[in-house]
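Please treat every number below as a calculation from the coordinates, not as lab data. Since this is a predicted model, take the numbers as computed values, not measurements. Neighbour counts are summed over all protein chains in view; Cβ atoms, including those assigned to glycine, are modelled from backbone coordinates with ideal geometry.
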Amino acid sequence: MGRLVYSVIASLDGFIADEAGDFSWAEPDAEVHQYANDELAGVAVHLYGRRTYELMTAWEHDTELIEGHPVTAEFARVWQEADKVVYSSTLDEVSTRRTTLRRHFDPAVVRRLKEEADGDLLIGGPTLAAQALRAGLVDEVSQVLLPIVIGGGLAVFPAGLRMDLELVAERRFAGGAVALRHRVERLAAGAEA
């Protein structure tokens, strides 16, 4: 059985993109990128919403990105080898291998994926993650917090959600970023929406 891990790079004040949608400030340095590579090693299935998936397709189609550095080449290889599920009611088709398109997020289907998986499942993107968090499906939250405050934008967690978490790992990076892994203990009473 696999765990569902919500993985995100965020500003210190808890956003993944600013109010204009810019997240260029979140580009990881080589040390943080290697950490992300290591985190992907046990991932069997990636779950994405349309926007996050469209960004991630570069790891299969952008030769310059893939071949630009050994760390990015490793990330691309590991990402391409994993299965991917994209949730979108507007996307006509997927453009990457090992990818399934689903029209709607169904918690029962994700539970079944977790039960049948040979490794962990990773959910990327806060909009889709909000659905999984509210359904009580997320087992761990893995954040890399960057030393920047952006003041607003797309939040890591949905408004009104309360969870009890247990810190299970932490790591500091030379560039000032901090990685935190928290196990989700339980949703607080009334947190499900």
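For region 84-175, the relative contact order comes to 20 percent (Cα pairs under 8 Å, sequence separation of at least 6). Give the shape of region 1-76 as rounded, prolate or oblate, defined through the alpha-carbon gyration tensor: a ≥ b ≥ c are the square roots of its eigenvalues, a/c under 1.5 means rounded, and otherwise the shape is prolate if a/b is larger than b/c and oblate if not. It is rounded, given that a/c, with a ≥ b ≥ c, falls under 1.5. Taking amide H as placed 1.01 Å from N in the peptide plane, VAL85 has its amide H under 5 Å from the amide H of HIS46, LEU47, TYR48, THR100, each at least 5 places away in sequence or on another chain. For ALA30 and GLN80, calculate 0.36 nm times their separation in residues minus their Cα-Cα distance, and state this gained length in nm to one decimal. Full-extension gain reported as 16.0 nm.
Put a dot 7 Å past the Cα of ASP118, heading toward its Cβ, do the same for ASP22, and the two dots end up 4.4 nm apart.
Each residue in THR96, THR63, THR90 was given a count of other beta-carbon atoms within 10 angstrom of its own, and listing them fewest first yields THR90, THR63, THR96.
Take every DSSP beta bridge whose two residues both sit in the chain; close to 40 percent of them are antiparallel. For the chain, adding -39500 (n - 2.57) for each run of n ≥ 4 DSSP H residues and dividing by the number of residues yields -8000 deg cm²/dmol at 222 nm. Spin-label model, ALA108 to ARG172: label points 7 Å out along the Cα-to-beta-carbon direction sit 4.9 nm apart.
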